[in-house]
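Data first, discussion second: the structure below is written as structure tokens.
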Amino acid sequence: MKFHHISLRVKDFDKSMNFYQKLAGLKVIHQFESNGGRVAYLANEEGETEIELIALPEGQNFEGKGLFLCFAASDLEQVHKIAAEEGFNPSDIRNPEPTAKYFYVYDPDGLSVQFREY
């Protein structure tokens, strides 16, 4: 068995799409409208990482506590630069261990997202 995807209930579909496409480099693999809302599946080039964004006019949205996502970045400084240019206010790049460095940023719904280079 493998982990298939994570679903995120988002308030602003377009802002969330922009965030995950620009910073995580995910591409839309399937998108549709349902029950008055919008749904999109995004994945990396290899299809290993998949998230579902769901924007419905009514219902529970993510409240940003107790969870963070981590994306592996091949060029952490470039992702950090994009995050700053896009106004996402990333943390400083941290290097607490010799084999990894990372930074954090919040997505448009307040979910903490880590970008890490190994």
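The set of residues in the stretch 22-46 being among the small types (Gly, Ala, Ser), more than 15 Å from the chain's Cα centre (by Cα) and within 21 Å of Lys2 (Cβ to Cβ) is empty. The lone criterion from (1) in contact with a Pro (Cβ under 9 Å, 6 or more places away or on another chain); (2) closer than 23 Å to Lys2 by Cα left unmet by Gln114 is number (1). Residues in the stretch 82-118 that are of a type in the set (Phe, Trp, Tyr) and free of Cβ contacts under 8 Å to residues at least 40 places away in the same chain: Tyr102, Phe103, Tyr104.
Flag set for Asn35, criterion: more than 26 Å from Tyr102 (Cβ to Cβ) and not small (Gly, Ala, Ser).
In the stretch 28-40, the residues that are farther than 9 Å from Leu53 by Cβ form Cβ pairs under 7 Å with partners that are open to solvent by 60 Å² or more (accessible area, probe 1.4 Å), at six or more places apart or across chains, as follows: Gly36/Pro57; Gly37/Pro57.
Across the stretch 98-111, the number of residues qualifying as open to solvent by less than 90 Å² (accessible area, probe 1.4 Å) and assigned to a loop (DSSP other than H, G, I, E, B) comes to 5. Here the stretch 4-39 is the region considered, the condition is being modelled with pLDDT of 95 or more and of a type in the set (S, T, N, Q), and the residue that is nearest to Leu67 (Cα to Cα) is Ser16. Looking across Lys81, Lys101, one residue alone is under 19 Å from Asn18 (Cα atoms) and over 15 Å from the mean Cα position of the chain (by Cα). It is Lys81.
When Glu58 is tested against the conditions (1) open to solvent by less than 30 Å² (accessible area, probe 1.4 Å); (2) among the acidic types (Asp, Glu); (3) farther than 20 Å from Gln21 by Cβ, the lone failure is (1). Taking each residue of the stretch 10-26 that is closer than 22 Å to Gly36 by Cα and touching a residue at least 40 places away in the same chain (Cβ under 8 Å) and looking for partners that are basic (Lys, Arg) and open to solvent by 60 Å² or more (accessible area, probe 1.4 Å) with beta-carbon atoms closer than 9 Å, six or more apart or interchain, yields Phe13/Arg38. The residues of the stretch 61-97 that are assigned to a loop (DSSP other than H, G, I, E, B) and surrounded by 13 or more Cβ atoms within 10 Å (Cβ to Cβ), listed by number, are Asn61, Phe62, Gly64, Ala73, Glu86, Phe88, Pro90, Ser91, Ile93.
Looking across the stretch 40-55, just one residue is open to solvent by 30 Å² or more (accessible area, probe 1.4 Å) and modelled with pLDDT of 95 or more, and that is Tyr41.
The values are calculated or read from the model by the stated rules, or taken from the named source; none is laboratory data. All of these numbers come straight from a predicted model, not from anything done at the bench. All Cβ positions, even for glycine, are placed from backbone atoms using ideal geometry, and neighbour counts span all protein chains on display. For accessibility, only protein heavy atoms count, side chains too; no ligands or nucleic acids. Shrake-Rupley method; radii C 1.70, N 1.55, O 1.52, S 1.80 Å.
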